[in-house]
Amino acid sequence: MKQIDLDDLPPRAAQILAGLAAGEPLLLVQNGLVMGRLTGGGAEPGVDADAAAGPPPAGEARAAEIFEHFRSLMEDDF
C-alpha cells in the first residue's frame with residue numbers, strides 16, 4: 001500500500017485530507033480530469049496506518065475491488 005505523509009504536502013492539501021470525515025468522498029482532479037478518488041477513513045490521530053488498514057484483500061475480493069474502481073473511473077469519465 002502506498003502512503004503519503006501529510007507533513008510532505010502543501011498546507012492546504014494536508015488540511016483538506018486531515019479534515020475528511022469517515023466515508024466522506026474526495027476527488028483528485030488535474031486539468032479538469034478525475035485522476036483518483038479517496039474516501040475518508042476517520043482514523044484517530046496516532047493510530048498506525050498499517051495497523052488500521054488491516055490485511056490486504058486477497059483473491060476474488062481484490063479482483064472485485066479493482067473492477068469496481070475501474071468501473072467508477074469509467075463512469076466518471078463518460
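For Val34, the conditions (1) among the hydrophobic types (A, V, I, L, M, F, W, C); (2) open to solvent by 70 Å² or more (accessible area, probe 1.4 Å); (3) closer than 22 Å to Arg71 by Cβ all hold with the exception of (2). Does Gly40 qualify as being loosely packed, with under 11 Cβ neighbours inside 10 Å and modelled with pLDDT of 70 or more? Answer is no for this residue. The C-beta contact set for region 1-19 (first residue within 16 Å of Gly41 (Cβ to Cβ), second residue modelled with pLDDT of 85 or more and aromatic (Phe, Trp, Tyr), distance under 8 angstrom, 6+ apart or interchain) is empty.
Residues in region 43-78 that are outside any helix (DSSP H, G or I) and surrounded by 10 or more Cβ atoms within 10 Å (Cβ to Cβ) were compared, and the one that is modelled with the lowest pLDDT is Val47.
The values are calculated or read from the model by the stated rules, or taken from the named source; none is laboratory data. Nothing here was measured: the structure is a model prediction, and the numbers come from that model. Here Cβ is always computed from backbone atoms with ideal geometry, including for glycine, and neighbour counts include all displayed protein chains. Ligands, DNA and RNA are excluded from the accessible area calculation, which covers all protein heavy atoms including side chains. Shrake-Rupley method; radii C 1.70, N 1.55, O 1.52, S 1.80 Å.
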